[in-house]
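Since the structure comes first, as C-alpha cells, the remarks are kept for the end.
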Amino acid sequence: MEAVVYICLGLMFIFGVLAVMLRSMLKSAIALAVASAMLGIIMYVLGSVWAAMFEISVCSGLITVIFISAISLSNTDKKDLAKLYEDKERMAFLPAVLIISGVVLLLVVTSPVFSLPAVAPVAEAADTLRETLWTHRQADIWGQAMVIITGALTVVALFKERE
Amino acid sequence: MNAFVETAMLVVGFLLIIAGCYGLIRTYHLLKIVIGVEVAMKAVTMFIILAGFINGKAALAQTFVITVIVIEVVVAVVAVGIAINLYHNYGSMDVRNLRKLKG
C-alpha cells in the first residue's frame, strides 16, 4: 500500500503545482480536480474512508464544476489574458522557490533533531465516525449549517438581477 | 506504514502550501487566487488526516476534514460569485479592479 501512497503523493504534488502555474484556467481547474482525487486516494489508504468520499465527490467534482461554470461565463481572449495578468512572467520563479524550499525541508527532516511520533494503535473503530460527528462534534454541525446558509444567501445576493 | 511515508507526506504538504501561497501573492486573476487557496487547503486537509492516522483517532480527524471541505466549497462559491460580478462590471477578473469599487 505504501507504493500507492508514494505514487498518489507525487501526482498530487505535480498536479497541485500545475494548477497554480498553468496559464489556461480550464487546465488549472482540471489539474486541481486531479490533485483532489489523488488526495482522496491517500485518505482512503490511510483509513479515512468517509473523508475520502467527501474529498472526491465534493472537492474533485463540485468545485471543478463551479470553476468551469465561472470560466464559461467569462470569455477573455487568450492573448488578452497574458497582457491582463502577466502571469507567465510572474510564475516563472515558482520552480526555483519550490526547489530551494524542498532542499531546506529535506535538510530539516534528515537532521537528527527531527523525529515524528510513532503511530499509535487505533483508538476507535472506523464506524464511530457517526458517533463522533453527532455527539462529540455537534457544534461543528451547527457551524457547517450556518456556513452553508451564509454561502447560499451570499450567492443569491451576488447573482441578483439588476433593475 | 513506515515513518518515511509520513515524512514524505509532511514535505510534500509544506511544498504545496508554499506553491499555493506563491500563487496567491503573485497573480492578479481572482479565480487563480482561489485555486492557490484550494491547493494550500489540500495540504492542510492531508495534514489533518495524517495527524489522525498517527494519533489513532481517524474518526475525529475525518469530522474536522468534513468541516474543512464544507468551508472550502463555500469559499469557492462566494469567490466565484465575486469574480463573475467583477467580470460583468469591468470585463476582467483582475483583482486590481476591486480598488475602483465604491465604499
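Read-outs: derived from the displayed coordinates by stated rules, not from any lab. Fair warning: this is a prediction, and the values are worked out from it, not measured in the lab. Positions of Cβ are generated from backbone atoms using ideal geometry, with glycine treated the same way; all protein chains shown enter the neighbour counts.
Loop only per DSSP, at most 11 neighbouring Cβ atoms within 10 Å: give me the chymotrypsin sites (Phe, Trp or Tyr not before Pro) in the range A:132-161, ordered by residue number.
Listed in order of number, the matching sites are A:PHE159.
Counting trypsin sites (Lys or Arg not before Pro) as exposed when in a DSSP loop with at most 15 other beta carbons within 10 Å, what is the longest stretch of chain A free of them?
Numbers: sites that count: A:ARG23, A:LYS160, A:ARG162.
That gives A:24-159 as the longest site-free run.
What net charge is computed for the residues neighbouring B:ALA76, neighbours being all others with C-beta under 15 Å from the C-beta of B:ALA76, Lys and Arg scored +1, Asp and Glu -1? Each step should come with its number before you reach the end.
Details: positive: B:LYS32, B:LYS42; negative: A:GLU55, B:GLU38, B:GLU72.
Combined, the nearby Lys, Arg, Asp and Glu give -1.
Hey, got the dipole for the protein assembly as shown? About the Cα centre, +1 on K and R Cβ, -1 on D and E Cβ, debye to the nearest 20? Mind dumping the intermediate values first?
On the way: 19 positive and 17 negative charges, 195 e Å.
Roughly 940 debye, rounded to the nearest 20.
Once a ≥ b ≥ c are taken as the square roots of the eigenvalues of the Cα gyration tensor of the range B:2-97, is the result rounded (a/c under 1.5), prolate (a/b larger than b/c) or oblate (a/b not larger than b/c)?
Cα axes put the range B:2-97 in the oblate bin.
Mean separation of Cα pairs under 8 Å and 6+ residues apart, divided by the residue count of the range B:2-97: what relative contact order is that in percent?
Once divided by the residue count of the range B:2-97, the mean separation gives 28 percent.
From the square roots a ≥ b ≥ c of the eigenvalues of the alpha-carbon gyration tensor of the range A:1-46, which class results: rounded (a/c under 1.5), prolate (a/b over b/c), or oblate?
prolate
Just tell me how shielded A:37-45 is by partners: mean number of partner chain Cβ atoms within 10 Å of each residue's Cβ, no decimals. Spell out each step's value before the answer.
Values: counts 0, 2, 6, 1, 0, 7, 11, 0, 3.
That average works out to 3.
What shape does chain A take by its C-alpha gyration tensor, where a ≥ b ≥ c are the square roots of the eigenvalues and a/c under 1.5 counts as rounded, a/b above b/c as prolate, and the rest as oblate?
Details: a/c = 2.27, a/b = 1.14, b/c = 1.98.
Oblate is the answer for chain A, as a/c is 1.5 or above yet b/c matches or exceeds a/b.
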